[in-house]
Amino acid sequence: MFKFLTDRCLLTICLALLIVLRSGTVAAQRAHTLTGDIRLHKDFHSKILNNDRDVIVYLPPGYDKDKQRRYSVLYFHDGQNLFDGATSFIPGQEWRVDEAAGVLIASGKIEPLIIIGVYNTGKDRIDEYTPVEDPKYKAGGKADLYGRLLVEELKPFIDKTYRTKMDAPHTGLGGSSLGGLVSIYLGMKYANVFGRVAVVSPSVWWGNNYIVKYVEGQKRKPALRVWLDIGTKEGRNAEEAQTTVDGARLLKETLIRKGWTSGKDLKYFEAQGAEHNERAWAARFGQILEFLFPHKL
């Protein structure tokens, strides 16, 4: 993204630009940066949302050699930004998920796992990644339907197509910005499906801090391993950046009050000097994998 909170800049012109750029419709031909065993499922259709999106799959080294082995799975939003500079929001700037996973698997620091990149659909991204409508921006509120897509349509397809470990302790969900917001929301809602969540630079402010109230309202603490982070320069100015950090700290403190233990089933990280973009998230993605999918948990 740009060097400020683009998800907060939802004026008509900004929103139109976001839709066009994230959908890739204006992207010129770019060099692909994929590494490893990557498989693409084009136009995966959702009856629930009545739309199509691509789904990109990273398979760990040796996947085709041992036909009996099954793997943990991490589902990640904004899939076009994860593996390939040719499809990423900012040309050439991707999360380098395939490179990071390959190195960490080879070194034995994380378990071999399957990573699923769920593309956003551009124009529906804001609505699908938010649990409620934001009263200021008059947008959002379809996260429940998006969650049904993941749980009722996509996960069964992935479990049928690939050799996955299907239970919640071996299934993760993650994303950044509004993707971070929807990850903690759906992780709480579907704790019987997802046991690990990556909440990266979450838009805590959405819906007047709705996600904080939602976490506070949980009657029981789910068995959910949570990575939560924020960069210290995620704003157009120092005041906005501090507000963003304060939001992440508030969410962390709320999780702790609800029973999460820092360093055990909760990892909170403030990335000093990090902005709100794919380059910053790529720089710490390895740490995210090491916490959520260590070789031996």
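The values are calculated or read from the model by the stated rules, or taken from the named source; none is laboratory data. Quantities reported herein were computed from a predicted structural model and do not represent experimental measurements. Cβ coordinates were reconstructed from backbone atoms using ideal geometry, including for glycine residues, and neighbour counts include every protein chain displayed. The area values use the complete protein model at the heavy-atom level, side chains included, leaving out ligands, DNA and RNA. Shrake-Rupley method; radii C 1.70, N 1.55, O 1.52, S 1.80 Å.
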### Task
Pull up the stretch 52-61, narrow it to residues that are surrounded by fewer than 19 Cβ atoms within 10 Å (Cβ to Cβ) and either of a type in the set (Phe, Trp, Tyr) or in contact with a helix residue (DSSP H, G or I) (Cβ under 9 Å, 6 or more places away or on another chain) (or both), then point me to the one that is farthest from LEU40 (Cα to Cα).
PRO61
### Query
Condition test on VAL212, is it of a type in the set (Val, Ile, Thr) and either closer than 22 Å to LYS136 by Cα or open to solvent by 40 Å² or more (accessible area, probe 1.4 Å) (or both)?
yes
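Is there a residue being out of contact with any helix residue (DSSP H, G or I) (no Cβ under 7 Å at 6 or more places or on another chain) and β-branched (Val, Ile, Thr) anywhere in the stretch 225-244?
So far as the stretch 225-244 goes, yes, one or more of its residues are out of contact with any helix residue (DSSP H, G or I) (no Cβ under 7 Å at 6 or more places or on another chain) and β-branched (Val, Ile, Thr).
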### Message
Given (1) buried (at least 23 other Cβ atoms within 10 Å of the Cβ); (2) over 30 Å from LYS296 (Cα atoms); (3) in contact with a strand residue (DSSP E or B) (Cβ under 6 Å, 6 or more places away or on another chain), identify the lone condition not met by TYR129.
### Response
(3)
### Task
Within the stretch 132-150, count every residue that is buried (at least 18 other Cβ atoms within 10 Å of the Cβ) and among the hydrophobic types (A, V, I, L, M, F, W, C).
4
### Query
Looking at (1) modelled with pLDDT of 95 or more; (2) outside any helix (DSSP H, G or I); (3) over 20 Å from GLU290 (Cβ atoms), which is the only condition GLY174 fails?
(3)
### Query
Residues in the stretch 152-161: is at least one within 11 Å of the chain's Cα centre (by Cα), outside any loop (DSSP other than H, G, I, E, B) and buried (at least 20 other Cβ atoms within 10 Å of the Cβ)?
no
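For (1) modelled with pLDDT of 95 or more; (2) of a type outside the set (A, V, I, L, M, F, W, C); (3) open to solvent by 10 Å² or more (accessible area, probe 1.4 Å), each residue gets a yes or a no:
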residue	(1), (2), (3)
LYS252	yes, yes, yes
ARG257	yes, yes, yes
LYS264	yes, yes, yes
TYR268	yes, yes, yes
GLU275	yes, yes, yes
ALA282	yes, no, yes
PHE285	yes, no, no
ILE288	yes, no, no
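Out of the stretch 247-256, which residues are free of Cβ contacts under 8 Å to residues at least 40 places away in the same chain and of a type outside the set (Val, Ile, Thr)?
Taking the stretch 247-256 as the starting set, the residues that turn out to be free of Cβ contacts under 8 Å to residues at least 40 places away in the same chain are 249, 252-253, 256.
Across the stretch 247-256, the qualifying residues are ARG249, LYS252, GLU253.
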## Note on the structure
Listed by first then second residue, the pairs whose first member lies in the stretch 139-150 and is under 16 Å from TYR75 (Cβ atoms), whose partner is among the small types (Gly, Ala, Ser), with beta carbons under 7 Å and at least 6 positions apart or on separate chains, are LEU149/SER46
### Message
Show the residue pairs meeting these rules: Cβ distance below 7 Å; 6+ apart or different chains; first residue within the stretch 230-246 and under 14 Å from SER177 (Cβ atoms) and open to solvent by 10 Å² or more (accessible area, probe 1.4 Å); second residue among the acidic types (Asp, Glu) and assigned to a loop (DSSP other than H, G, I, E, B).
### Response
THR244/GLU234
### Message
Can you say whether GLY108 is assigned to a loop (DSSP other than H, G, I, E, B) and open to solvent by 10 Å² or more (accessible area, probe 1.4 Å), as far as the supplied structure shows?
### Response
yes
### Summary
Among (1) in a helix (DSSP H, G or I); (2) in contact with a Pro (Cβ under 6 Å, 6 or more places away or on another chain), GLY207 falls short only on (2)
### Query
Which ones in the stretch 163-194 are in contact with a strand residue (DSSP E or B) (Cβ under 6 Å, 6 or more places away or on another chain) and open to solvent by 10 Å² or more (accessible area, probe 1.4 Å)?
LYS165, HIS170
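Hey, among the residues in the stretch 76-99 that are part of a helix (DSSP H, G or I) and farther than 17 Å from GLY172 by Cα, which one's most open to solvent (accessible area, probe 1.4 Å)?
Within the stretch 76-99, the subset part of a helix (DSSP H, G or I) is 79-81, 97-99.
From what is left, the residues that are farther than 17 Å from GLY172 by Cα are 80-81, 99.
Numbers: GLN80: 10, ASN81: 2, GLU99: 37 Å².
Checked the stretch 76-99; the qualifying residue most open to solvent (accessible area, probe 1.4 Å) is GLU99.
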